[in-house]
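Taking it in order: structure first as structure tokens, then the write-up.
The values are calculated or read from the model by the stated rules, or taken from the named source; none is laboratory data. Worth saying up front: this structure is predicted, and the values here are computed from it rather than measured. Cβ placement follows ideal geometry from the backbone for every residue including glycine, while neighbour counts extend to all protein chains displayed. The accessibility values were calculated without ligands, DNA or RNA, using every heavy atom of the protein model including side chains. Shrake-Rupley method; radii C 1.70, N 1.55, O 1.52, S 1.80 Å.
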Amino acid sequence: MKAEVPEPLKRDGFGEYKLIPESVDDLWHLSHLISPGNTVYAVTLRTVDGPTDKLRSEKLEKRPVKIGVKCEKVEFVPESSRLRVFGLISYGPDMGQHHTLNIEAGYEISVVRQWKPIDLARLERAVSSSVHGVVHIVAIEDGEAELYRVRQYGPERITTLTVGSGKSAELDSRQALFVELLSFLEKVTGSIVVAGPGFVKEDFVKFAKTKAPAIAERMLLADTRRCGYGAVQEAIGNGVLARVAEDLQLAKEVSFMDEVFLRIGQNGAVAYGKNEVRQAVDYGAAETVLAADSVVRDARIEKMIEGAERLGANVVVLSTEFEPGTRLVGLGGVAALLRYKI
């Protein structure tokens, strides 16, 4: 989750947060951060009447406009990775009419409400696990590579590596660039997007897999028509950050489920199924609660998750579109990694 406060919150905690969810986890958090009575602003598609629209009604088109909706109901729809906010339009065209905001990952919204400490703590947890700030993009071409770090305000150039090239020494110069770039990337944490036109980027990833497979595992290819900073902008515009976020989320889900089954096999500190997990939460033993997106709307599961969060447990929602989520469904839809065995 990305979060920004345009202006300082008032002493009573009232104010606006600009938020960008990046995963199904973030949408789950938002379903608890947006309450009836809050105002949510977003850019959405609506039919805007023009001076000649009544004469050409069959040609009406929806246009992107910013509207504010005073929330009446919030619905988390995990199977479609979407959050719906129902309410009356309080800002923008068609004021007073009902409208539904369909919020997805990468969809920027603003939430105006009175923020309680528990709300800010939830928001801080979501932001701290954000993919942004740990993504680097390498724009590479023959003879040159530029490394950027993705910041919330945009790409920040870290370094530019240049190696002279010529027809007789093209292979040697390319390999020299690869060696220098790979050496620099050893100091970099997080995911690495390798972008650019042509086949140089593919050749570099193959080189990395041979020389430094651990670093290569963190790499993702992005094909672009432009070079340098233009390649970075094009890769971001084509949704590469969403792909990185999905890969990171899936890797996290795989890791959690592997740990669940490892502990089950060792008769360790783990609980699965509604009754066992509820008991672990009641005892305050749950450290991480895992819930499949197909069960989180169950009232009993939701109440159990809220209890786990009040006791400081980490909650992760797994998508059943991926294998870790289907494995969790096989255990009853919920599981918990425990602080101690019960």
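Hey, Gly96 hits all of (1) surrounded by fewer than 14 Cβ atoms within 10 Å (Cβ to Cβ); (2) at pLDDT below 80 but one; which does it fall short on?
Among (1) surrounded by fewer than 14 Cβ atoms within 10 Å (Cβ to Cβ); (2) at pLDDT below 80, the lone unmet condition for Gly96 is (2).
Given (1) open to solvent by 40 Å² or more (accessible area, probe 1.4 Å); (2) more than 22 Å from Ser81 (Cβ to Cβ); (3) part of a helix (DSSP H, G or I), identify the lone condition not met by Leu250.
(2)
Report every pair of residues separated by at least 6 positions or lying on different chains whose Cβ atoms are under 6 Å apart, first residue within the range 182-202 and in contact (Cβ under 8 Å) with a residue 24 or more places away in the chain and farther than 18 Å from Asp142 by Cα, second hydrophobic (A, V, I, L, M, F, W, C) and open to solvent by less than 10 Å² (accessible area, probe 1.4 Å).
Within 6 Å, the pairs are Gly190/Val135; Ser191/Val135; Ser191/Val244.
Taking Gly273, is it more than 22 Å from Ala121 (Cα to Cα) and of a type in the set (Gly, Ala, Ser)? Quick ask: steps written out before the conclusion?
Numbers: more than 22 Å from Ala121 (Cα to Cα): yes; of a type in the set (Gly, Ala, Ser): yes.
The answer is yes for Gly273.
One residue is enough: does the range 170-193 have a residue meeting the conditions open to solvent by less than 20 Å² (accessible area, probe 1.4 Å), in a loop (DSSP other than H, G, I, E, B) and either more than 30 Å from His32 (Cα to Cα) or modelled with pLDDT of 95 or more (or both)?
Taking every residue of the range 170-193 in turn, at least one turns out to be open to solvent by less than 20 Å² (accessible area, probe 1.4 Å), in a loop (DSSP other than H, G, I, E, B) and either more than 30 Å from His32 (Cα to Cα) or modelled with pLDDT of 95 or more (or both).
Could you check how many residues of the range 218-247 are modelled with pLDDT under 90 and assigned to a loop (DSSP other than H, G, I, E, B)?
Residues that pass the stated criteria total 2.
Provide a single number: the residues in the range 44-65 that are at pLDDT 80 or above and surrounded by 13 or more Cβ atoms within 10 Å (Cβ to Cβ).
Adding up the residues that qualify gives 2.
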